[in-house]
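Computed from the coordinates by the stated procedures, all read-outs in this text should not be read as laboratory data. The model shown is predicted, which means the values in this text are computed figures rather than measured ones. Cβ coordinates were reconstructed from backbone atoms using ideal geometry, including for glycine residues, and neighbour counts include every protein chain displayed.
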Amino acid sequence: MNANGESIIEVVDLVRKFGERAVLDDISLSVYRGETLVIMGGSGCGKSTLLRHMIGSMKPTSGSVKIFGEEITTMNEREIASVRRRFGMLFQSGALLASLTVGENVALPLLQHTEKSADEIEEIVKQKLQMVGLTGFENLKPAEISGGMKKRVGLARALALDPELLFSDEPTSGLDPIMTAVVDQLTLKLTHGSHMTAVVVSHDMTSAFRIATRMIMLGRGGIVAQGTPDEIRTSSNPEVHQFINGEADGPVPLNISQEEHDDHPHVRPRPLVAARARFHHKTS
Amino acid sequence: MVFIGVRAAPMVALTAFSVGVTLAMQAAHSLEQLGADMYVPDLVMVTLLREMGPVLIAVIVIGRSGSAVAAELGTMKVSEEIEALEVMAINPIQYLVVPRFLAMLVMLPALTIFGNYIGVFGGWAVCRFALDFNTAGYVLRALQSADTWDLYSGMIKSGVFAWIVITIACNAGLHVEGGAEGVGQSTTASVVQALLAMLVTNAVLTGIFFFSA
């Protein structure tokens, strides 16, 4: 692979257990400057968990995560904050602050982390919103715009500080095909033009093949396959083949039993027939 | 600050007025039997400053602002907003909790002073129109009976209540789990806990003031 490039993220032997179940089982990977790494895999395979370890909001059971060469698993909140200033993150739902307007949301990182004047900030906010095709939406509240728009505002906010590294959790889910293409193009432009590095979690295959320079497929806590988009497309691995072509039948297990999925061991199963009664009880 | 303080004022006024009126009537009834109805203003004033003022205003603020803070922070937690702040390297404690904390610490004592005035006014209404007091007599009697310590002890209580209420509310909000249902449960829990903690603390503080004075 890109052995000459400078690695920005290094994950070594990462293990994360919820109860007895290892959601991430001994994962090692590197992300190099300027590349776009797409992490894919079925629902519940640990994609989002892996991402949360990379941004430092979850601590691993064992293993190491280095970002910009700094070990973040042993850092305290203050030290992690200084690393986080250098990357942006786009949440699946956008995660905008509902009490602020769209413009204020995008301005928030600038206000908190830079000494820029109000005029400069306003200019940057306009420019970032224009980038995601939302010119003139500054004064609306998040509740007044659609889910796809929220996501684009979230992207504008993630890019407000011109980060050298961008994390995206499902950047295109819930967007129409045209907006998907716009967001993909934006990612491409940023990674090619500004040498930004992107780590994208996605199961939108069209989008993934469009933006990825390298792909990793996760399954059952481990890395099933990795390589360039071409290598993945022509992979002989049946799981990969099933996933990228979206076939219902194949080696990927459909059902996860309760024992395998015991994230919440304190939750006791209760009979479903009582659900109607519980619901009425609550609403009446 | 505006939400916790200014918009609560009408409600505080109505409550304090009712309490002042009630206190005066009850006091008049009991003291009359002893032939001591000239002490009604004393009783209204001291009870309000020391107990009823701080406690009742805290009850209102718990129901109104404590629950609102818990629900607001809880909703932010559930919708990933808190996590988003953290990932943007913004400390949610500094950004969300500190302003609310300060607002509560300023506004609850301020509302209590405001409520005290209204309560005393309520007492005056009873004394003036139902008993044989004139305005000057009532004010004089009330001011004579209360010393500054009565006011201060009430203010100390109010400050401590503010701290209890906002700590419980923020804590409940930031530890919500499990969607809309979780937000509801946490909000309820925060109100119940804050009420109990406030009332117990009130008893303890009154005890301390009583035995040390």
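Projected label points at B:ASN171 and A:GLU77, each 7 Å from Cα along the beta carbon direction, are separated by 1.5 nanometres. Other protein chain C-beta atoms within 10 Å of residue C-beta, averaged over A:90-103: 4.
With the simple model of a label 7 Å out from the Cα in the direction of the Cβ, B:TYR95 to B:SER18 spans 4.0 nm.
For chain B, the calculated P(r) over all alpha carbon pairs, in 10 Å bins from 0 to the bin holding the longest distance, is 9, 30, 29, 18, 9, 4, 1 percent. Annotation for the stretch A:53-121 versus the stretch B:70-148: alpha-carbon center distance of 35 Å. FRET efficiency for the A:SER62 to A:LEU188 pair, using the beta carbon distance and R₀ = 35 Å, is estimated at 0.45.
What FRET efficiency comes out for A:ARG86 versus A:LEU272 if R0 is 51 angstrom and r is the Cβ-Cβ distance? Round to the nearest 0.05. Provide the component values of the computation, followed by the final result.
Details: r = 48 Å, r/R0 = 0.93.
Approximately 0.60, to the nearest 0.05.
By DSSP, the beta bridges lying fully in the protein assembly as shown are antiparallel in about 55 percent of cases. Relative intensity of the stretch A:148-192 on a log10 scale, I(q)/I(0) at q = 0.24, 0.29 Å⁻¹, equals -0.89, -1.24, per a Debye sum over C-alpha point scatterers of equal strength in the absence of solvent. If you take the Cα centroid of the stretch B:152-202 and the Cα centroid of the stretch A:131-151, the two points sit 35 Å apart. For the pair B:PHE121 and A:ILE178, a Förster radius of 56 Å applied to the C-beta separation gives a FRET efficiency near 0.30, rounded to the nearest 0.05.
Given the C-alpha atoms of the protein assembly as shown, compute the convex hull and give its volume per residue in Å³.
213 Å³
The fraction of all Cα pairs in the stretch B:33-90 landing in successive 10 Å bins from 0 to the largest distance is 19, 23, 19, 15, 12, 7, 4, given as whole percents.
Residue by residue along A:105-116, Cβ atoms of other protein chains within 10 Å of the local Cβ number 2 on average.
Couplings for the stretch B:146-162, taken from phi via the Karplus curve 6.51 cos²θ - 1.76 cosθ + 1.60 with θ = phi - 60°, read 9, 9, 5, 4, 4, 5, 4, 4, x, 5, 4, 4, 4, x, 5, 4, 4 Hz in order; Gly and Pro are left as x. Determine, at each q value in 0.10 (inverse angstroms), the log₁₀ of I(q)/I(0) that the Debye formula gives when each Cα of chain A is one equal point scatterer. Log10 I(q)/I(0), no solvent term: -0.60.
Label positions at A:ASP162 and A:ALA143, each projected 7 Å from the Cα along the C-beta direction, are separated by 3.7 nm.
Taking the stretch B:10-60, how much of its Cα-Cα pair set, in percent, is spaced more than 15 angstrom apart? Summing the P(r) of the stretch B:10-60 above 15 Å gives 45 percent of all pairs. Restricting the calculation to alpha carbons of the stretch A:49-114 gives Rg and Dmax of 13.7, 40 angstrom. Can you list, bin by bin at 10 Å, the percent of alpha carbon pairs in the stretch B:49-133, starting at 0? So the P(r) values, bin by bin, are 15, 32, 23, 15, 9, 5, 1. Ellipsoid semi-axes for the stretch A:1-112, based on the Cα gyration tensor and the rule √(5λ), read 25, 18, 15 Å when sorted largest first.
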